[in-house]
Amino acid sequence: MKLGRFVLVSALVVLSGASVWADIVKFESSGAGEIRKLRVAVPAFAAPPELQAAAKEMADVVASDLEFTGFFTPVPTTEFPAGFTGLPADPTQIDFGMWASTRSDYLVYATVTQQGDTLVAECRMFTIANGTQLVGQRFQAQKDLPRLVAHRFSEEIVKYVDGTPGIGTSRICFSANVGNNKEIFVADYDGHNAKQATKHNSISIKPKMSPDGRKIAYVSYKDRYPFLYIFDLDTGTSTPLSKHVGLNSSPAWSPDGGTIAMTLSKDGNTEIYLKNADGSNPRRLTNDPGSDTSPTFDPTGRQIAFVSERGGVPQIHVMNSDGSNVHRVTFGKSYDPAWSPDGRMIAYVAENSGEGFEIYVLNVQSGENYRLTDSAGNNESPSWSADSRHVIFSSTRAGKGLYAVSVRPPFEEHRIGSGNMSCEGPSWGPRRAQN
C-alpha cells in the first residue's frame, strides 16, 4: 500500500501587519512549577457556505492543539459574547470590546476560501485587550487537508508564546491489532487520519519512525522469524534490514537517519549493533555477558542510551556511539529508554513493586528523575514529541491504548485516538516539512 506524504502545496507567508517579534508572553507560575494557562477564544473560521463545515473543523483542531500544549485553555462556546453569530469577513470589523467580556487573553481569527482545488486560509491571533495582531500567516493546501492547515497554524501560535513551535503537524506510528494479526499504522499525532501501512498478515511490532518521517523501522514475523525491516511511506515498500539467526529487534535511528542501532543475538548473546540504514556495514558496540538491548541515540548522535543487565538487573546505561565509555545512569529496574530531542532528558520505564510499569524521566545533567505516570495497568514504550514537551506511550489501563503526557507539572495526560483500536509501541515522528 502506498502512503503518500501529506504536504502543503505552498509555503506560508507572513501577512502584512503581523507582529511576530512582539514580546514573548511571560507565563505566571501558579505554584509547584505549574503555569497560568492563557485563555484563548477560537470561533469557527469565517467561510462561504460551502466551506463552513471545513472552517469549523479547522477551528476545532486549532483549539484542541492549543489545549494539548498545556499553555492554553480554549474558551467554551457557551462563554462566547451574547449575540455572537460568527466572525466578520474583514478582521478590521472585529469588536474586541465585546470579546473582553469572555475574560480571554487572545482571539484566533481566520478566513477560509477555495481557489480551484486549493484551500486558502488567512489566519491571525489577536490580543483581546488592545486588538494587536500577534501572529499572522497565509496557508495554501490541497482542499482535502483542512486539518493540516489548522495544525500548521497552531504550531506558529505556540512558537510565538514559547519560542519553540508546537507539534500539530507531526505524525505517530504504532502497532495495532487487525484480526489475529498486528500491523503498523500511521496517524496524525492526535490519532486522526489513522492509516494502515503494512499488510503482512502477520505480527509486526515496535515501529520507529525515521528522523525525516518518511520511513519506519520495525520488527515483523512475516518471514516466520523476528526480523527487522524498513517500510517506505512514499512507495509503500518494505525491505529487509536485518535477518540474522536469533533475535533482531529494537531499531533506533541515528539523528541523521544514516545509521540504525539494533539488538541482535547472532553471536550468542544479546548485544547492541550498528548498521547503515540500508543494512550494510554491521558493527558490534557492546560485548558483555549481561544482556544489552533497547538502544536510543542522543540528538547529537554521539551517545547511545541502552538497557543492560550487566549489573544483575535491567538498568539504563549510556555509552559513546562507538561503544566506549559505558556508564550506568539508573539504579532500579528500568527499561525502554528514549532520549529527548533537546538532549536534556531520557524517558524510561520503571517497574514498581505491585504497581506495574510506569513512565519516568531522567534529567541527563543532574541525574534526578521523576515519575510521569501514575495509573493502573502497565505504561510502556515512551517516545518523545519533536518539541520535547510530551511523551507518548502505550498503556493497558483501559485496554491497550495510546496516551501522551506533558513533562511539566501537573503532567496532564491525553488519550490518543478514538480508543476503539488496540494499539501499542508508539513512535512519535517529526513535524511535516512544508513543500
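The values are calculated or read from the model by the stated rules, or taken from the named source; none is laboratory data. Model, not experiment: these values are computed from the prediction. Glycine also receives a Cβ, built like all others from the backbone with ideal geometry; neighbour counts cover every protein chain displayed. Just so you know, the surface numbers come from the protein's heavy atoms only, side chains and all, with ligands and any DNA or RNA stripped out. Shrake-Rupley method; radii C 1.70, N 1.55, O 1.52, S 1.80 Å.
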(Q) Of everything in region 311-353, what is open to solvent by 50 Å² or more (accessible area, probe 1.4 Å), under 18 Å from Asn379 (Cα atoms) and in a loop (DSSP other than H, G, I, E, B)? Give them in sequence order. (A) Lys333, Ser353
Q) Of all residues in region 280-295 being in a strand (DSSP E or B) and in contact with a Lys or Arg (Cβ under 9 Å, 6 or more places away or on another chain), which is nearest to Gly257 (Cα to Cα)? A) Arg283
Q: Note down all Cβ pairs under 7 Å where the first residue falls in region 397-412 and is within 14 Å of Ser375 (Cα to Cα) and assigned to a loop (DSSP other than H, G, I, E, B), the second is polar (S, T, N, Q) and open to solvent by less than 50 Å² (accessible area, probe 1.4 Å), and they're at least six residues apart or on different chains.
A: Lys400/Ser394; Lys400/Ser422; Glu412/Ser406
Q | Test set (1) farther than 21 Å from Ser321 by Cβ; (2) among the basic types (Lys, Arg); (3) within 28 Å of the chain's Cα centre (by Cα) - Lys215 fails condition number | A | (1)
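For Gln142, indicate whether it is open to solvent by 60 Å² or more (accessible area, probe 1.4 Å) and in contact with a strand residue (DSSP E or B) (Cβ under 8 Å, 6 or more places away or on another chain). Steps first, please.
On the way: open to solvent by 60 Å² or more (accessible area, probe 1.4 Å): yes; in contact with a strand residue (DSSP E or B) (Cβ under 8 Å, 6 or more places away or on another chain): yes.
Yes: the conditions hold for Gln142.
Could you tell me which residue of region 145-187 is farthest from Gly417 (Cα to Cα), considering only residues that are part of a loop (DSSP other than H, G, I, E, B) and touching an Asp or Glu at 6+ places or on another chain (Cβ under 9 Å)? Give the steps one after another, and end with the answer.
First, pick out the residues of region 145-187 that are part of a loop (DSSP other than H, G, I, E, B): 145, 163-170, 179-180.
Those left that are additionally touching an Asp or Glu at 6+ places or on another chain (Cβ under 9 Å): 164-170.
On the way: Thr164: 25, Pro165: 22, Gly166: 19, Ile167: 16, Gly168: 14, Thr169: 15, Ser170: 14 Å.
Applying the filter and picking the extreme gives Thr164.
Picking from His192, His200, which residue would you name as being at negative phi, surrounded by fewer than 21 Cβ atoms within 10 Å (Cβ to Cβ) and more than 21 Å from the chain's Cα centre (by Cα)? Walk me through how you get there before you give the answer.
On the way: His192 fails: more than 21 Å from the chain's Cα centre (by Cα).
Only one candidate qualifies: His200.
From the set of residues in region 214-223 that are open to solvent by 30 Å² or more (accessible area, probe 1.4 Å) and in a strand (DSSP E or B), which is farthest from Ala187 (Cα to Cα)?
First, pick out the residues of region 214-223 that are open to solvent by 30 Å² or more (accessible area, probe 1.4 Å): 214-215, 221-223.
Now drop any that are not in a strand (DSSP E or B), which leaves 215, 221-223.
Numbers: Lys215: 14, Tyr221: 23, Lys222: 23, Asp223: 26 Å.
Of everything passing the filter in region 214-223, Asp223 is farthest from Ala187 (Cα to Cα).
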(Q) Of everything in region 376-396, what is open to solvent by less than 50 Å² (accessible area, probe 1.4 Å), within 19 Å of Ser340 (Cβ to Cβ), in a strand (DSSP E or B) and not hydrophobic (A, V, I, L, M, F, W, C)? Give them in sequence order. (A) Asn379, Ser381, Pro382, Ser383, His390, Ser394
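I'm trying to understand the selection: among the residues of region 60-94, which are of a type in the set (A, V, I, L, M, F, W, C), closer than 15 Å to Leu107 by Cβ and surrounded by fewer than 17 Cβ atoms within 10 Å (Cβ to Cβ)?
Our first condition is that a residue be of a type in the set (A, V, I, L, M, F, W, C); within region 60-94, this holds for 61-63, 66, 68, 71-72, 75, 80, 82, 84, 87, 89, 94.
Cutting the leftovers down to closer than 15 Å to Leu107 by Cβ gives us 62-63, 66, 72, 75, 80, 84, 87, 94.
Phe84 - this is the single residue of region 60-94 that is of a type in the set (A, V, I, L, M, F, W, C), closer than 15 Å to Leu107 by Cβ and surrounded by fewer than 17 Cβ atoms within 10 Å (Cβ to Cβ).
Condition check ((1) farther than 21 Å from Trp339 by Cβ; (2) open to solvent by less than 10 Å² (accessible area, probe 1.4 Å)) across all residues:
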site: Tyr225; (1), (2): yes, no
site: Leu228; (1), (2): no, yes
site: Asp234; (1), (2): yes, no
site: Thr237; (1), (2): yes, no
site: Asn248; (1), (2): yes, yes
site: Trp253; (1), (2): no, no
site: Thr263; (1), (2): no, yes
site: Lys266; (1), (2): yes, no
site: Thr286; (1), (2): no, yes
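I want to confirm something. Restricting to region 172-184 and keeping residues that are open to solvent by less than 20 Å² (accessible area, probe 1.4 Å) and not β-branched (Val, Ile, Thr), which single residue is farthest from the chain's Cα centre (by Cα)? Give the derivation first.
In the first step, residues of region 172-184 are kept if they are open to solvent by less than 20 Å² (accessible area, probe 1.4 Å); the result is 172-176, 183-184.
Filter again for not β-branched (Val, Ile, Thr), leaving 173-176, 183.
Numbers: Cys173: 9, Phe174: 12, Ser175: 15, Ala176: 17, Glu183: 20 Å.
Top of the filtered list is Glu183.
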